[in-house]
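What follows is a single structure, written as structure tokens, with notes after it.
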Amino acid sequence: MDWLIQFLPLNIERISVWIGVLCTAAIYSLLYRENPIYRFFEHMYIGLAAGYSLGPLFVDIIYRYWIEPIWGQGYWAWAFVVPYGMYLYFIFSERYGWISRIVIGTLIGASAGLFFQEFSSRYLPQLNSTLQKPLWVTSANPDVTGWDVFGNFLFIAILLSVLTYFTFSYEQRGGVKRVATLGRWFLMIGLGAIFGNTVMARMALLIGRIYYILSDWLMLPLGRGGG
Amino acid sequence: MQSPTIWQRMLSIDRRLLYLLLFVNIIVFLIAPIRMPASISPPVQKFYDEIEKLKPGDLVMISSNWSASTLAENQPQLEAVLIHLMRKKARFTFISIEAQSRDISYRLAERLTKTHGYEYGKDWAHFGFVPNLIVAIKGMVNDLPATIKEDVRGTPISQLEVVKGVKSLKDYKMIIDVTPSGTVPIWISYSPKGIPILYCPTSVMAAEAYTYLDSGQITGMITGAKGAQEYEQLLKIEGLGARFANAISFSHVLIIVFILLGNFAMFMNRAQARREA
Amino acid sequence: MTYQHAQDNWFAAIVIGFIALAVLVNILRAKTGAQLYIRRIPGLDAIDEAIGRSTELGRPVTMIPGLTTFGVVAVQALTIFKYITQQIAHFATPMRLLTGDATVFAVAQEAIADAYNEAGRPDLYDADNIRFLSDRQFAFASGVAGLIQRERVAASFMFGEFFAESLIFAETGNMVGAIQIAGTTSFTQVPFFVAACDYTIIGDEFYATSAYLSREPVLLGSLVGQDIAKLLFALTAVSGAIISTIVGVDSPIIKLLGQPGGWDAFFQWLQGGGQ
Amino acid sequence: MSIPYLIAQWQLPQQGRLLYATLVVLGAFVLILGLVPLLQTLPPRGRRVLIVTITFLAGLFFAAEFFLPVDWTAIFPKDDPTRNFLTPAIQPAQNVLQIIGALALGLGTFGLVRLHMRNVVQKRAQWGYSVVLLVAFVTMAIFSILNTLSEKGVVTKTPLLERGFSILFDYTLVQLDAAMFSLIAFYIFSAAYRAFRIRSVEASILMFTAVVVLIGVVPLGAYISYTLLGLPQGPPPENADWWTQFLHSAGLPSIANWILTALNAPAQRAIEFGVGIGGLAMAIRLWLSLERGVT
């Protein structure tokens, strides 16, 4: 009886647990088949998410980067930004639709211009670390062992064969074709490894959910570390 | 049209059956108290030994940065470590890097401390979350009260008995980082020298940490649910670690078994087709 | 260890300049009539097959750029979707484009309207078919999963950047028996697409896609330039490894090639007499 | 003294700022929107030229900021050596992009709401769910916006607001996130069952590595290797003979880790290179409007 009173959603803490379990059950019902309950929660979910975004991603940004600088600090030049950005809203008009492309062009130009820095930051350090792979044991690299050298050879070989697979502008024939096939096999090793490695993280999530149902909702005493 | 053979039926198995099996499999291994004696790995042993050195009243900073998505790995770690700290009568304060990990660690600590007679504010406290860990650590090294200002309950830090007289992070005896993300290099780089750092990563993050262990920049490490299981064995308690470790392991076993079954069915089906042809 | 400016290591500027040159020269060559070749990319041949099947079944085609934020990847994804839309416009096959980024949503409106115009069927364009569901990862995923199952889509195209939600799209699509073709630059999601989709476009096959589909000289020329750039990377990797074997991995010459601050270190080393 | 810097210095006077600012904003709206009829007179060719030019200039700004040398102290001794004359304008430019992004979100949200409003008004099939969506949207939008404004100190944070937001966000939205995320665990199982078959060389390789890593990364892999088989754990001691070294790396966790680092990393690196180069080529084509793509 005590258990039942504790179990029922009679206070705010229990209500929160019940809502959480209800949400979980509704989402999991998709596994059986698409159904009205899932559909209800799906629409609620999207509605909630859309409503939530307006706070931190719309009001907050406009307030922080537009309202504050103009009305708060008096930087009047910002006034032009929002009307300019609102050219985007012409998208729904057939006659004026092209005007939105001015803003889209700005965005495309900016993302292209920003890519140079991204390319340098993201890919060149990787290229550089590929250089630091001694291929045989020399006095210049005293810490390098035979095992390291083997690993480095493997690294360069896999890198080159996979890169070969990813060339497009000529017909891959003969030796090149064989190297490219090898590259694709190495690629499959990498993909298999990522698959295997990701499973645990996903299982951990599911276990977390099931633990929540068993422990928080059904209040089963699971290994509460008595010592 | 003849009825499908058992192999054909296995190949086109209703996936809902697979889903049910996985669900039940996890429930069973979470509930069933199966114990597999684990061999204690050296980093876990070092972790244990380091906490054993603590004296009653020593202050420990726990950086807890996990949330629901890595609960199965990080929660058993934190529970086992907290139990050990409370056995040693050490005092501790929490800090997180975002709101959800703050809430989850605060709730967990509240629950566990109650059963050990620890009192909030006197024996432990939660400092809430800091948006930028680097800035926060640098600030705490200089002037801890000015950086934190108030705890998670909104109490000014000057009124918390647990950090009475604490000026800086240097007054702490130990830092423990329970995390699924790359926060430990930040603690290593910015925390005061001479304070041991103990690390509780998820399994994915553990491989990268061995260099820090080698160089002594971190003193001990508990890896995922498996590490927590070893730790529970050292503490001689029945905690969540063993259950979560089992649930993780056997969900993988289930998948592997079905991959093998699928292949077996495929071969049998082919063999049968060949025989009939 | 990131680059704020090219000056952090001028090697960056040199590499980018070289690639830009290789790409632009070959685009010019292609424009002036050079015949350029592109190798077969198996997954892309299946696009027509997938469209054909959805026409037969009369069920919609979904195009999902996922949560790709607006940028280079998103524009490429939309270019592919534009091509697909032009194809389905001939058969009046219904389509849905589902995105998790509002800017991509805006640009997609224009691109898809254009595609119908160019195919000569502006009447088929319906703005309601291009949908922004949510910018919240799993709210978006729940919407896509629901829609795929409700409308029992016959073909699903997923191009862009994907995260953990990739498998939700691919498995629900597989459940309703859709032909699925995915292409992504996110390496970590490729295994799930490979497991659950009929065809997967991996890595920079994604960027080769529009060249393959349209055979436009500009794009084919660009591809030649990209291959030359890959050759440069391969040569740098091999020669760099050999140099680092001889002079040591911490040598200033190695730092010169791509480590921030390496350029200055190299010149200091030169001035110091190269010890 | 760069132009953006000067503009940033153009501040309205403290006195009557509210009034002036409102007037300036109104003026900006009139001016920019007044341009529309003017722009409309452009012939198609002119429109294209305008868009291409703006695209190029937007790209040029970020490209120039990145490529130009940063240290101008030889010419301007007092200048900061970690920036060039465009660097101070980067933050404002990013803010402009942020604002446009926020406006785009408004557009997207408007599109979503419009679609479901139409569903309701025209009583299309299943319009009841659209009502659910709209109700959830409006409720959450009110609480979320008020919550954001209360963080800014514009409105006061009442207990009702706090409780309501917490029920909608923490108790519902976050729970839905967690549930949807964990759904992947089921899908990963069915996908693995279906896909990992010894059908071709590629499929077999994929399956074999996946299975080895699957067992290697879980506690059971460690249990089998270190407890049942008694293999030594962790890195081998220094100056160990090769047999000891071998034993230290023969455990399933070590093998899984080796596959992930030694075999996966270079393949991933090669893909990254290809993607980087492909992206760079695309960026150049977009910047110079060489691509007949989406614009």
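The values are calculated or read from the model by the stated rules, or taken from the named source; none is laboratory data. These numbers were taken from a predicted model, which means no experiment stands behind them. Neighbour counts run over all protein chains shown; Cβ positions are idealised from the backbone, glycine included.
Need the failing condition index for A:Phe155 against (1) more than 7 Å from chain D (Cβ to nearest Cβ); (2) in contact (Cβ under 8 Å) with a residue 12 or more places away in the chain, just the number. Going through (1) more than 7 Å from chain D (Cβ to nearest Cβ); (2) in contact (Cβ under 8 Å) with a residue 12 or more places away in the chain one by one, A:Phe155 breaks only (1).
Which ones in segment B:254-272 are surrounded by 16 or more Cβ atoms within 10 Å (Cβ to Cβ) and within 13 Å of D:Val211 (Cβ to Cβ)? Answer for segment B:254-272, where residues must be surrounded by 16 or more Cβ atoms within 10 Å (Cβ to Cβ) and within 13 Å of D:Val211 (Cβ to Cβ): B:Leu254, B:Ile255, B:Ile256, B:Phe258, B:Ile259, B:Gly262, B:Asn263. Taking the stated definitions as given, is A:Trp3 touching a residue at least 24 places away in the same chain (Cβ under 8 Å) and more than 7 Å from chain D (Cβ to nearest Cβ)? Yes; evaluated as a whole, the condition is true for this residue. Out of D:Thr172, D:Thr209, D:Thr148, one residue alone is β-branched (Val, Ile, Thr), under 16 Å from A:Met200 (Cα atoms) and within 11 Å of chain A (Cβ to nearest Cβ). It is D:Thr209. Can you report the number of residues in segment C:196-248 which are touching a residue at least 40 places away in the same chain (Cβ under 8 Å) and part of a helix (DSSP H, G or I)? Counting residues in segment C:196-248 that are touching a residue at least 40 places away in the same chain (Cβ under 8 Å) and part of a helix (DSSP H, G or I) gives 22. When D:Ile188 is tested against (1) under 17 Å from C:Cys197 (Cα atoms); (2) in contact (Cβ under 8 Å) with a residue 24 or more places away in the chain; (3) of a type in the set (Val, Ile, Thr), exactly one condition is not met: (2). Restricting B:Leu18, B:Leu85 to those that are modelled with pLDDT of 95 or more, over 21 Å from the mean Cα position of the chain (by Cα) and buried (at least 20 other Cβ atoms within 10 Å of the Cβ) reduces the list to B:Leu18. Would it be correct to say that C:Arg152 is without any contact (Cβ under 8 Å) to a residue 60 or more places away in the chain and either surrounded by fewer than 24 Cβ atoms within 10 Å (Cβ to Cβ) or within 9 Å of chain A (Cβ to nearest Cβ) (or both)? In short, no.
Residues in segment C:182-196: is at least one at negative phi, away from chain D (no Cβ under 11 Å) and either surrounded by fewer than 24 Cβ atoms within 10 Å (Cβ to Cβ) or touching a Leu at 6+ places or on another chain (Cβ under 7 Å) (or both)? No, the conditions are met nowhere in segment C:182-196. So for segment C:102-119 (the condition being out of contact with any Pro (no Cβ under 8 Å at 6 or more places or on another chain), outside any helix (DSSP H, G or I) and more than 19 Å from A:Phe90 (Cβ to Cβ)), does at least one residue qualify? Within segment C:102-119, one or more residues are out of contact with any Pro (no Cβ under 8 Å at 6 or more places or on another chain), outside any helix (DSSP H, G or I) and more than 19 Å from A:Phe90 (Cβ to Cβ). Scanning segment C:43-87 for residues that are under 21 Å from C:Glu171 (Cα atoms) and hydroxyl-bearing (Ser, Thr, Tyr) gives C:Ser54, C:Thr62, C:Thr68. Among residues belonging to segment B:226-254 that are among the charged types (D, E, K, R) and closer than 22 Å to B:Val28 by Cβ, point out the one that is nearest to the other protein chains (Cβ to nearest Cβ). Here the answer is B:Lys226. Applying the set (1) closer than 19 Å to C:Ser166 by Cβ; (2) more than 7 Å from chain A (Cβ to nearest Cβ) to D:Ile198 leaves exactly one unmet item: (1). For segment C:22-42, a residue qualifies if it is surrounded by 14 or more Cβ atoms within 10 Å (Cβ to Cβ) and part of a helix (DSSP H, G or I), and the qualifying residues are C:Ala22, C:Val23, C:Leu24, C:Val25, C:Asn26, C:Ile27, C:Arg29, C:Ala30.
Only one entry in B:Ile195, B:Ile222 is more than 17 Å from B:Ser64 (Cβ to Cβ) and in the same structural domain as B:Ser168 (by TED's automatic domain parsing), namely B:Ile195. Only one entry of B:Met205, B:Met140 meets the criterion of being within 14 Å of chain D (Cβ to nearest Cβ), over 19 Å from B:Glu50 (Cα atoms) and among the hydrophobic types (A, V, I, L, M, F, W, C), and that entry is B:Met205. Do we have A:Gly55 as crowded, with 24+ Cβ neighbours inside 10 Å and closer than 28 Å to D:Val25 by Cα here? Criteria not met by A:Gly55.
Residues in segment B:48-71 include none that are within 17 Å of B:Ser249 (Cα to Cα), among the polar types (S, T, N, Q), in contact with a helix residue (DSSP H, G or I) (Cβ under 7 Å, 6 or more places away or on another chain) and more than 14 Å from chain A (Cβ to nearest Cβ). Being in a helix (DSSP H, G or I), at positive phi and at the interface with another protein chain (Cβ under 8 Å from one of its Cβ atoms), is that true of even one residue in segment B:218-225? So far as segment B:218-225 goes, yes, one or more of its residues are in a helix (DSSP H, G or I), at positive phi and at the interface with another protein chain (Cβ under 8 Å from one of its Cβ atoms). Which residues, counting only those in segment B:72-90, are at positive phi and either within 14 Å of chain A (Cβ to nearest Cβ) or touching a Ser or Thr at 6+ places or on another chain (Cβ under 8 Å) (or both)? Hits for segment B:72-90: nothing passes. Within segment B:171-202, the set of residues being within 14 Å of chain D (Cβ to nearest Cβ) and β-branched (Val, Ile, Thr) comprises just one member, B:Thr202.
Report yes if some residue within segment B:36-48 is hydrophobic (A, V, I, L, M, F, W, C), touching a residue at least 24 places away in the same chain (Cβ under 8 Å) and assigned to a helix (DSSP H, G or I); otherwise report no. Checking segment B:36-48: at least one residue is hydrophobic (A, V, I, L, M, F, W, C), touching a residue at least 24 places away in the same chain (Cβ under 8 Å) and assigned to a helix (DSSP H, G or I). Looking for something of a type outside the set (Asp, Glu), farther than 28 Å from C:Thr103 by Cα, at the interface with chain D (Cβ under 7 Å from one of its Cβ atoms) and touching a Phe, Trp or Tyr at 6+ places or on another chain (Cβ under 8 Å) - is there at least one such residue anywhere in segment A:46-61? No: segment A:46-61 contains no residue that is of a type outside the set (Asp, Glu), farther than 28 Å from C:Thr103 by Cα, at the interface with chain D (Cβ under 7 Å from one of its Cβ atoms) and touching a Phe, Trp or Tyr at 6+ places or on another chain (Cβ under 8 Å). Scoring D:Thr73 on the criteria (1) under 30 Å from C:Gly261 (Cβ atoms); (2) surrounded by 18 or more Cβ atoms within 10 Å (Cβ to Cβ) leaves a single failure, condition (2). Taken over segment C:120-133, the residue count meeting the criterion of being part of a loop (DSSP other than H, G, I, E, B) and more than 8 Å from chain D (Cβ to nearest Cβ) is 4. Close Cβ contacts (under 7 Å, 6 or more residues apart or on different chains) running from residues in segment A:125-148 that are more than 7 Å from chain C (Cβ to nearest Cβ) to residues that are in a helix (DSSP H, G or I) comprise A:Gln126/D:Arg269; A:Gln126/D:Glu272; A:Val137/A:Gly146; A:Val137/A:Val149. Got a sec? Which of B:Glu238, B:Glu232 is surrounded by 24 or more Cβ atoms within 10 Å (Cβ to Cβ), in contact with a helix residue (DSSP H, G or I) (Cβ under 9 Å, 6 or more places away or on another chain) and modelled with pLDDT under 95? Unique residue meeting the criteria: B:Glu232. Selection within segment C:249-275: residues that are touching a residue at least 60 places away in the same chain (Cβ under 8 Å) and assigned to a loop (DSSP other than H, G, I, E, B). The member of this set that is surrounded by the most Cβ atoms within 10 Å (Cβ to Cβ) is C:Gly258. Where helices (runs of 4 or more DSSP H) sit wholly within segment A:69-181, those with at least 3 residues that are surrounded by 23 or more Cβ atoms within 10 Å (Cβ to Cβ) occupy A:100-131, A:146-165.
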